[in-house]
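The structure follows.
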Amino acid sequence: MTALLSTHGLIAGYGDMRALHGIDFAIEPGETVALIGANGAGKSTLLRAIMGLLPVASDMVTLDGAAVGGSAPHLMVQNGIAIVPEGRRLFAGMTVEENLRVASEHAAKPHGTPWTQEAVYDLFPILREKAATSVENLSGGQQQMVSIGRGLLAQPRVLLCDEISLGLAPRVVREIYEALPQVTAQGTALVLVEQDVGLAQRASGRLYCLLEGRVTLEGRSLDISRDDISKAYFGAS
Ligand code: ATP
């Protein structure tokens, strides 16, 4: 069966520095897949490479079996891939509503039920209350909700989320993670780069562990033991 999105022996890096050494990855519609690994393992680089933010050969990334690797990021968005970047990168000086509206203007053709601003407000009700608030006056958690909402309004088939829990209080992380099943229920696939291994394991159906630019473990999250993860994470034999 052809996966929705897959990478095939994906190699990518920065100038002469190779950060990924042949990554095979796949995700199906509605799946939640976690990417774990230590700092510098290559998780963000994999998201950037998929998104077309780093040069990759076209056949290293396929969407519904079609080679799309290395397409410009705006074309990847049109193809149905969106990213919630590390650090959120919202449009400062603009309100919640304006940030969400801009995202809708550069969206892919919806595959199923389209995401609307109302649907984003239903997902994160606090954003409805804060719709007219400038994003720099939001808490970190609320900003992260806007960033996820913006990703969804791009109407992605696959949403790549880079460390959405980073720097947030546990209660807020729980609130955000509890909303994610509503996203996948719509058929959107989620790739979660997550530092918190326990959270990654609980929130995902499958996970991949990266170490120094290679996949050291892949499997169903519930079937993987802490011991397996520890070996894959640190490279201990
Ligand atoms: P982190 O949790 O620290 O973000 P990560 O698993 O996402 O870790 P990457 O950020 O993908 O790791 O980094 C993989 C490798 O690429 C590391 O050796 C890192 O130093 C290097 N790297 C990342 N970004 C750049 C960049 N912009 N320029 C040069 N090297 C980079």
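Could you compute Rg(Cα) / (2.2 N^0.38 Å) for region 76-213, with N its residue count?
This ratio for region 76-213 stands at 1.00.
Continuing with the same structure: For the chain, what is the mean residue ellipticity at 222 nm derived from helices alone (per DSSP H run of n ≥ 4: -39500 (n - 2.57); sum divided by total residues; nearest 500 deg cm²/dmol)?
After summing the helix terms and dividing by the residues of the chain, the value is -10000 deg cm²/dmol.
Next up: Considering only the chain, what is the antiparallel percent among its DSSP beta bridges, to the nearest 5? The partial results should precede the final answer.
On the way: 20 of 37 bridges.
Bridges in the chain are about 55 percent antiparallel.
Oh, and also: Full extension from Asp223 to Glu136: what is 0.36 nm times the residue separation minus their Cα-Cα distance, to one decimal in nm?
27.2 nm is the gain from fully extending Asp223 to Glu136.
To continue, here is another question. Sort 95-107, 163-175, 45-57 by the packing proxy (mean of other Cβ within 10 Å over each peptide's residues), most packed first. List each step's numbers first, then the result.
Working: 95-107: 17.9, 163-175: 16.1, 45-57: 21.0.
Peptide ranking by packing, descending: 45-57, 95-107, 163-175.
What is the extension gain from Asp59 to Gln195, computed as 0.36 nm multiplied by their sequence separation minus the C-alpha to C-alpha distance, in nm to one decimal? Display every interim value, and only then the final one.
Values: separation 136, 0.36 × 136 = 48.96 nm, distance 2.92 nm.
Difference between extended and current length: 46.0 nm.
On full extension of the chain, what length is gained from His8 through Lys109, given 0.36 nm per residue of separation minus the C-alpha to C-alpha distance?
Separation in residues times 0.36 nm, less the Cα-Cα distance, equals 33.8 nm.
Among DSSP beta bridges whose residues both lie in region 100-237, state the antiparallel percentage, nearest 5.
Rounded to the nearest five, the antiparallel share is 55 percent.
Could you order Phe124, Phe91 so the one with the most accessible surface comes first? Probe is 1.4 Å.
Phe91, Phe124
Using 1/(1 + (r/R0)^6) with R0 = 25 angstrom and r between the beta carbons of Met94 and His74, what's the FRET efficiency to the nearest 0.05?
On the way: r = 20 Å, r/R0 = 0.78.
Using R0 = 25 Å, I get an efficiency of 0.80.
Give a residue-ordered list of calculated ³J(HN,Hα) values for region 194-204 (Karplus: 6.51 cos²θ - 1.76 cosθ + 1.60, θ = phi - 60°; whole Hz; x for Gly, Pro).
With coefficients 6.51, -1.76 and 1.60, one gets 9, 6, 7, 5, x, 5, 4, 5, 5, 8, 10 Hz.
Here's another thing I want to ask about it. Identify the residues of region 109-127 with backbone N under 14 Å of a label point that sits 7 angstrom from the Cα of Gln186 along the Cα-to-Cβ direction, or state none.
The answer is 109-125, whose backbone nitrogens lie closer than 14 Å to the label point.
Which of Ser58, Ala19, Leu47 sits farthest toward the positive end of the charge dipole of region 1-65, with +1 on the Cβ of Lys and Arg and -1 on the Cβ of Asp and Glu?
Farthest along the dipole direction, towards plus: Ala19.
Between Val102 and Asp122, how high is the FRET efficiency from 1/(1 + (r/R0)^6) when r is the Cβ-Cβ distance and R₀ = 22 Å? Nearest 0.05.
0.65
Compute the Cα gyration tensor for region 135-182, then decide on rounded, prolate or oblate, letting a ≥ b ≥ c be the square roots of its eigenvalues: rounded whenever a/c is under 1.5, prolate when a/b is larger than b/c in the other cases, and oblate in all that remain. Mind dumping the intermediate values first?
Working: a/c = 2.00, a/b = 1.34, b/c = 1.48.
Because a/c hits 1.5 or more and a/b fails to exceed b/c, region 135-182 counts as oblate.
Moving on. What is the percent carbon and sulfur in the accessible area of the chain, measuring with a 1.4 Å probe over the protein chains and ignoring ligands?
With neighbouring chains kept in place, the figure for the chain is 51 percent.
Quick one: which of 180-192, 14-26, 132-144 comes out on top by average Cβ neighbours within 10 Å, and what's the full order, highest first?
Values: 180-192: 19.0, 14-26: 14.5, 132-144: 16.3.
Highest mean packing first, the order is 180-192, 132-144, 14-26.
Now, a different point. Averaged per residue, what accessible area in Å² does the chain show with a 1.4 Å probe, protein chains only?
45 Å²
5 Å is the cut-off here: which amide hydrogens, built 1.01 Å from N in the peptide plane, fall below it relative to Leu10, excluding neighbours closer than 5 in sequence?
Excluding prolines and chain starts, which carry no amide H, the hits are Gly22, Ile23, Asp24.
The values are calculated or read from the model by the stated rules, or taken from the named source; none is laboratory data. Just so it is clear, the structure is predicted and the values come from calculations on it, not from any experiment. Every residue, glycine among them, receives a Cβ derived from its backbone with ideal geometry; neighbour counts consider all protein chains shown. Keep in mind that these areas ignore ligands, DNA and RNA; they rest on the heavy atoms of the full protein, side chains included. Shrake-Rupley method; radii C 1.70, N 1.55, O 1.52, S 1.80 Å.
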